[in-house]
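Colleague: Below is a structure I'd like to ask you about.
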Amino acid sequence: MILGRFKRGFLFLILAGAAFAQSESQIESDEVKRVGSHINCQCGCKDNLNCMMSGGQCHFCKPNRAKIFKMQQDGMDDAGIIAAFKKEFGDLIYRPDPTSTFWIVPYLSFGAGLLLVTFILMRMRSHARHHGMTPATAGGPAHGADPGHDHDADDAFTRYRAAIEKDTEKLD
C-alpha cells in the first residue's frame with residue numbers, strides 16, 4: 001500500500017517534470033521569440049520579452065511568453081497578439097523593428113566627425129600662417145624686419161640656442 005503510493009507519487013513527479021520541460025521549450029521557441037522581440041519587458045531591464053533577467057525566469061517575461069504561446073496555439077497571428085498586448089498594457093509595450101534611418105546614423109556621425117577634424121586642421125593651418133611662424137635665425141633679427149616685432153624675444157631665443165649648442169659640444 002505504501003509502495004503503491006510511492007510509485008504513483010514518483011510517476012506524478014516524472015510526468016510533471018516532463019510536462020514542465022516541454023512547456024519550457026515551447027515558450028523558448030523561435031515563434032514565441034519572434035513575437036516577444038516586439039514587446040518591451042516591464043521588469044526594468046529595457047530589453048524585449050526575450051530578456052534573460054534572473055536566468056530567463058523574469059517575473060514579467062516568462063508568464064507573458066507562455067501567454068504568447070497559448071495565443072499562437074489558439075490560432076492568433078503575430079499582429080493580433082501584439083494588438084492584444086497593446087490593449088492590455090498600452091502602446092508603450094510595443095517595440096518596432098529598427099527603421100532604415102537607424103543604419104544611417106553611424107555614417108552621419110562619421111561624416112560630422114570628419115568635417116569637424118577638417119575644420120580644426122584648416123583653422124590651425126591658417127592660424128600658423130597668420131602669425132608668421134618662421135624659424136628664427138641665429139644671427140639676430142633679419143634684415144628689413146617688422147618694426148613692431150619683439151626683438152627682446154629673438155635675443156632671448158638666440159641666447160638659449162647658443163647655450164644649447166655650447167652644452168651639446170661638450171657631449172662630443
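Colleague: Looking at region 74-124, which of its residues are among the polar types (S, T, N, Q) and either touching a residue at least 60 places away in the same chain (Cβ under 8 Å) or within 19 Å of Asn50 (Cα to Cα) (or both)?
Modeller: none
Colleague: Does Lys86 qualify as being more than 13 Å from Val32 (Cβ to Cβ), modelled with pLDDT of 90 or more and either surrounded by 11 or more Cβ atoms within 10 Å (Cβ to Cβ) or not assigned by TED's automatic domain parsing to the domain that holds Asp30 (or both)?
Modeller: Yes; evaluated as a whole, the condition is true for this residue.
Colleague: Follow-up. Regarding Asp146, is this residue under 28 Å from the mean Cα position of the chain (by Cα), part of a loop (DSSP other than H, G, I, E, B) and modelled with pLDDT under 85? Please lay out each step first, then the result.
Modeller: Working: under 28 Å from the mean Cα position of the chain (by Cα): no; part of a loop (DSSP other than H, G, I, E, B): yes; modelled with pLDDT under 85: yes.
Here the answer is no, as Asp146 does not meet what is asked.
Colleague: Pull up region 72-113, narrow it to residues that are small (Gly, Ala, Ser) and part of a loop (DSSP other than H, G, I, E, B), then point me to the one that is nearest to Asn40 (Cα to Cα).
Modeller: Gly90
Colleague: Condition (residue is of a type outside the set (S, T, N, Q) and within 19 Å of Pro98 (Cα to Cα)) applied to region 63-79: is it met by at least one residue?
Modeller: Yes, region 63-79 has at least one match.
Colleague: Filter region 58-71 down to residues that are assigned to a helix (DSSP H, G or I) and without any contact (Cβ under 8 Å) to a residue 24 or more places away in the chain, then give me how many there are.
Modeller: 4
Colleague: Turning to a different aspect of this structure: Condition check: in the same structural domain as Val32 (by TED's automatic domain parsing), outside any helix (DSSP H, G or I) and either modelled with pLDDT under 90 or over 25 Å from Arg161 (Cα atoms) (or both). Does Gly139 satisfy that?
Modeller: So Gly139 does not fit the description; no.
Colleague: Considering only residues that are over 19 Å from Pro98 (Cβ atoms), part of a loop (DSSP other than H, G, I, E, B) and in contact (Cβ under 8 Å) with a residue 24 or more places away in the chain, which ones fall in region 28-57?
Modeller: Those that are over 19 Å from Pro98 (Cβ atoms), part of a loop (DSSP other than H, G, I, E, B) and in contact (Cβ under 8 Å) with a residue 24 or more places away in the chain: Glu28, Ser29, Gln42.
The values are calculated or read from the model by the stated rules, or taken from the named source; none is laboratory data. Small disclaimer: the values here were computed from a predicted structure and weren't measured. Here the Cβ is made from the backbone with ideal geometry for all residues, glycine too, and neighbour counts use every protein chain on show.
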